[in-house]
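Below is one structure, written out as structure tokens, with a few remarks after it.
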Amino acid sequence: MADNQPDTTQNDVENSKISILELQEKYGIGRDPLYARMRYLQIKTWKLSGKAYLYADQVAHMDALHDHIKSTGRMEGYPVPPASGPIEDEQPATTTTLAVAETQQVTAPNYTPKQKRSQSSPQDDVAAIVNSAQNKAAGTLIAENVLAQHFIQNPDLLPDELKTKIKESAQMPGIDPFAYADSLINIAMGFITAA
């Protein structure tokens, strides 16, 4: 629906759009994280007088994703809506070429300036990355434990080379626990007297 935004009067456009800068301030994030969220949601900006804007329906998705990120620490898991924004095929060829040129000229220089990053919270960005890494690590460890337990309960599913090693370990000679304890004590006493 955002692809068919009415732009019949200047008042309609002015009343239903929100600038990229306003969104950055609203969410307390920098330009890079904002555009990353827009890419995730498949949102393209509308241009008016060389400035990028989003319409209310696009902002509603951005708000919901922001709430999701606040509760989970990541974008993943939030349902991606259909793509929204201007459809380049609907514009005349000369306008399409001009819009792409403007986007590249406006976006590229402003995409990673040091000044803009200071407006966002680097701590929030780092915290989100750390949280994501922790979730991935925990997921990997949990999966490893679950799979290990599965193979312990079903050793016949192990590869033949591991089955052979298990059989070899079972054929180890018996150990007299008292003799083993005595050898450990002798080694420990050697360390104590050497110190």
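Each reported figure results from applying straightforward, stated rules to the coordinates on display, with no laboratory input. These numbers come from a predicted model, not from an experiment. Cβ coordinates were reconstructed from backbone atoms using ideal geometry, including for glycine residues, and neighbour counts include every protein chain displayed.
Summary of computed values
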| read-out | value |
| --- | --- |
| Efficiency of FRET between GLU144 and SER183 - r from beta-carbon atoms, R0 35 angstrom, step 0.05 | 0.50 |
| Summed residue charge, Cβ within 14 Å of VAL59's Cβ, Lys/Arg positive, Asp/Glu negative | -1 |
| Segment PHE151-ILE175, extension gain: residue separation times 0.36 nm, minus the distance between their alpha carbons | 5.9 nm |
| Estimated vicinal HN-Hα couplings, Hz - the range 41-56 in sequence order (Karplus 6.51, -1.76, 1.60; Gly, Pro = x) | 8, 6, 9, 10, 7, 8, 10, 9, 6, x, 10, 8, 9, 10, 8, 4 |
